[in-house]
Amino acid sequence: MTGNVKGTEPMPKPVGFAHEAGLNEPSKQEMRRTILNLVWPTTVESLLQMGVGLVNTAIVGHLSAVAISAVGLCNRVSSLLAWPLNQAVSTGGTVLVAQSIGAGDREGARTHAIQAMLFALVSISLVAVLLFIFAVPALSVFEPDPEVLATGVRYLRIFVIGLPAVGIMMAAGAALRGTGNTRSPMVVAVMVNILNVTLSWILIYGKLGLPAMGVVGSAISTVVAQWTGAIMALLIVTSARSTLGIRIRGPWRFDREALRRVLRIGLPASGESFAWQAASVILTFYVTSFGTKALAAHQIGLSAESLSYMPTAGFEIAAIALVGQSIGAANLRMAKRYSIELAKMCAVITVFTAGLLFFFPVPIMGLLAEDPEVVALGAVYLRIMAVAQLPQQVSSVLKGAIRGNGDTRTPMYVAGLGLWGVRLPVAYLLGFVLGRGIAGVWLSMCLDLIIRFGLIMWRYRAILWIKESGGVEAGVGT
C-alpha cells in the first residue's frame with residue numbers, strides 16, 4: 001500500500017471501480033468500458049501530439065537538413081535536463097493521487113497534486129535559465145557543423161522559455177489522470193497543438209503579412225502554445241468542478257512531507273528518464289559522426305516511429321491509475337485483472353501500427369522529408385524499429401502496472417541496464433567496430449527494447465497479486 005496518506009475529508013469512490021475485493025466486481029465488458037473511458041482521451045491526445053509533431057517536423061524538414069538537425073539537437077539537450085523532472089512529478093503525482101483516490105482520501109490527493117505542480121515550476125525554471133545561459137557549450141558537445149550550431153543556439157534560447165509551462169501541464173495532467181480524468185488533459189493538448197501548428201505555419205513561412213522566421217518562428221510558436229496550455233491546465237485543476245478541490249487562491253506552499261512522498265515515488269522514474277536521455281545524448285553523438293544526412297534521418301525516424309507507439313500511450317497511464325486505485329482500495333484481484341486486460345488490448349493495436357512502419361516506411365518518411373537520401377535512411381530505421389514495437393508497447397503497460405503497485409525503482413533499473421548495458425555498447429560494436437554504420441546503431445536500439453521487455457515481464461510476474469494466481473493462466477506471458 002505504498003503512498004497512501006490518510007486524510008480527514010472523505011471522497012466518493014471512482015465510478016465504475018469495484019472497491020470491495022471480490023464483491024460486485026465488474027465484468028470483462030465493464031472493465032473494458034472503464035479502460036476505454038480512460039484510454040481514449042489520452043490516446044486522442046497522443047495521436048494529436050503525434051500528428052502535430054509530424055506536421056511540425058515536416059514544416060521544419062522542408063526547410064533544410066540543417067534546420068532538422070539543429071532542432072533535433074536542441075530537443076535532445078532540453079529533454080536531457082527537463083524531461084526527468086517532468087517524469088518525477090508526473091509519475092509521483094499520478095501514483096499518489098490515484099492511491100489516495102482509491103482510499104477515499106481527498107486531502108491527500110489535493111496535497112500531492114499541489115506539491116507536484118510547485119516542484120515542477122521551480123525546478124524546471126532553473127533548468128531553463130541554465131540552458132539559456134549555457135546554450136553554446138550545451139550544443140557544442142555534439143560537435144555539429146558551425147551552421148547547425150548557430151541555428152540551434154538561436155532556437156534553444158527561445159525554446160527554453162516554454163519549459164516551465166510544460167512542467168506545469170505535466171504535473172496538472174498527472175494529477176487529473178490519477179483521479180481518472182483523462183479528458184481534461186486531452187482538451188488542453190488539443191488546444192496547445194492546434195495553436196502550435198497554426199502559429200508555426202504562420203511564423204516559419206511568413207504568412208498573414210509577417211516576415212518568414214524559419215526555425216526561430218517554430219520556437220516562438222511552441223513557447224506561446226505551451227504557456228497557453230499551462231494557463232488552461234491551472235484553470236481546470238482549480239475549477240469548482242475539479243475532483244481535487246484545489247483553488248486558485250491556494251494555499252500554494254510546499255509541504256515537506258508530501259513533497260518527499262512525491263519524490264520518493266517519482267525520482268526513480270526521473271532516474272529512468274535521465275538514464276534514457278543521457279544515453280540518447282551519447283547515441284546522438286554516435287549518429288552525428290555519420291554525417292548531417294544520417295542525423296536528419298534519425299531525427300525524422302524518431303518522429304515517424306511515434307505513429308506506432310503514440311496510439312497506445314494511454315494504456316500505460318491507465319495502468320498506473322487503475323492499478324494505483326486498486327492498490328489504494330486494497331483490491332489486489334482488480335489490480336491483476338486490469339493490468340492483464342490493458343496488456344492484451346495494447347498488443348492488438350500495436351500489431352497493426354507496427355505493420356504500418358514495416359510495410360510502408362518510404363511513404364511515411366516521404367511525408368516528412370524531401371531529401372531522397374534522408375528518406376532512404378529513415379526507411380531503414382523504421383523497418384528495424386517495427387520489430388521492437390510489440391515488446392516495447394506491452395512492456396510500457398506492464399511498467400505502468402508495476403508503478404501503480406508502488407514500485408517505481410524496477411523500471412529504472414531495467415532501463416539503466418538496457419540502455420547502458422546493451423544499447424550503447426552494442427551500438428558502438430556494430431556501428432564502428434564491425435562497420436555496420438548507422439544501421440548498426442539502430443539495431444542496438446531494437447535489441448535493447450526486446451531485452452528490456454523480458455526483464456519487465458519477469459518482474460511483473462513476480463508481483464504478489466500476479467504470482468499467487470499465475471500470470472500465464474490469466475493470459476499474460478503466453
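Read-outs: derived from the displayed coordinates by stated rules, not from any lab. What you see is a predicted model; the values in this text were computed from it and never measured. When we count neighbours, we look across all protein chains shown, and the Cβ atoms used for this are built from the backbone with ideal geometry, even at glycine.
Farthest towards the positive end of the charge dipole of the range 28-463, among the residues 82, 360, 262, is the Cα of 262, using unit charges on the Cβ of Lys, Arg, Asp and Glu.
What does the extension gain come out to for residue 198 and residue 234, with contour length at 0.36 nm per residue minus their alpha carbon separation? Present the calculation step by step, with values, prior to reporting the outcome.
Working: separation 36, 0.36 × 36 = 12.96 nm, distance 2.31 nm.
Working it through step by step, the gained length comes to 10.7 nm.
For 182, 94, what's the fewest-to-most ordering of other Cβ within 10 Å of each Cβ?
On the way: 182 23, 94 31.
If I rank by nearby Cβ atoms, fewest first, I get 182, 94.
Sort 343-353, 283-293 by packing, meaning the average of other beta carbons within 10 Å per residue, with the highest value first.
On the way: 343-353: 17.4, 283-293: 19.2.
The most tightly packed comes first, giving 283-293, 343-353.
What does a probe at residue 432 reach in the range 300-319, counting residues whose amide N is under 16 Å from the point 7 Å along Cα→Cβ? In the range 300-319, the label zone of residue 432 (backbone N under 16 Å from the point 7 Å along Cα→Cβ) covers no residue.
Against the compact-protein benchmark of 2.2 N^0.38 Å, the Cα-based radius of gyration of the range 111-176 scales to 1.37.
Once both labels are positioned 7 Å from their Cα atoms along Cα-to-Cβ, the gap between residue 417 and residue 122 label points is 3.6 nm.
Our estimate of slack between residue 205 and residue 129, defined as 0.36 nm per intervening residue step minus the Cα-Cα distance, is 24.5 nm.
For q = 0.07, 0.10 Å⁻¹, what log10 I(q)/I(0) does the range 28-463 give under the Debye formula with an equal point scatterer on each alpha carbon and no solvent? Each listed q corresponds, in turn, to -0.32, -0.68.
The magnitude of the dipole of the chain, with charges of +1 and -1 set on the Cβ of Lys/Arg and Asp/Glu and taken from the Cα centre, is near 1020 debye. Simple spin-label estimate for residue 458 and residue 136 gives 4.8 nm between the two label positions (7 Å along the Cα-to-Cβ direction from each Cα).
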